[in-house]
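The values are calculated or read from the model by the stated rules, or taken from the named source; none is laboratory data. Here the structure is a predicted model, which means the values were calculated and not measured. With ideal geometry, Cβ positions are generated from the backbone for all residues, glycine too; neighbour counts draw on all protein chains shown.
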């Protein structure tokens with residue numbers, strides 16, 4: 001069996017597993033049918049036909065194309081709730097946790113990134129790999145105590161982190 005055939009079989013098996021996992025996941029509660037504006041109807045119907053792996057690939061392509069992250073809206077939504085007090089201009093209450101250097105324990109750093117960001121292994125590995133070229137923001141708008149705790153975890157894993 002050639003490498004190309006092996007890759008093709010592996011992709012098919014992985015895609016089937018992902019589809020089975022989605023089908024096997026118990027429904028928490030019945031979902032209400034979302035109202036889709038007519039201008040997006042054809043786009044939504046095309047997305048509904050896609051497999052889970054294709055959707056993940058599409059998200060990655062859109063993130064790269066437009067320079068955004070699918071996780072950004074969650075971080076932006078959490079930031080106002082964490083801050084609260086805007087009157088204290090001189091005392092900084094929110095910090096960005098930025099990974100500046102990985103160190104020798106790359107696997108440990110990947111584990112910490114996964115734990116903090118709640119992302120998958122592949123995404124966490126990409127963040128760590130990219131940190132070698134330029135600093136990577138791990139979390140934005142984090143309270144001082146939480147940011148210090150994150151910094152401590154990274155330091156224990158051998159990485160260098162800045163709080164900005």
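Tabulated results
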read-out: Sole residue being in a helix (DSSP H, G or I) and at pLDDT 90 or above, chosen from 47, 110; value: 110
read-out: Restricting region 119-164 to residues that are under 18 Å from the mean Cα position of the chain (by Cα) and part of a strand (DSSP E or B), the residue that is surrounded by the fewest Cβ atoms within 10 Å (Cβ to Cβ); value: 137
read-out: Top-ranked residue of region 99-118 - restricted to ones that are crowded, with 18+ Cβ neighbours inside 10 Å and in contact with a strand residue (DSSP E or B) (Cβ under 7 Å, 6 or more places away or on another chain), ranked as farthest from residue 153 (Cα to Cα); value: 99
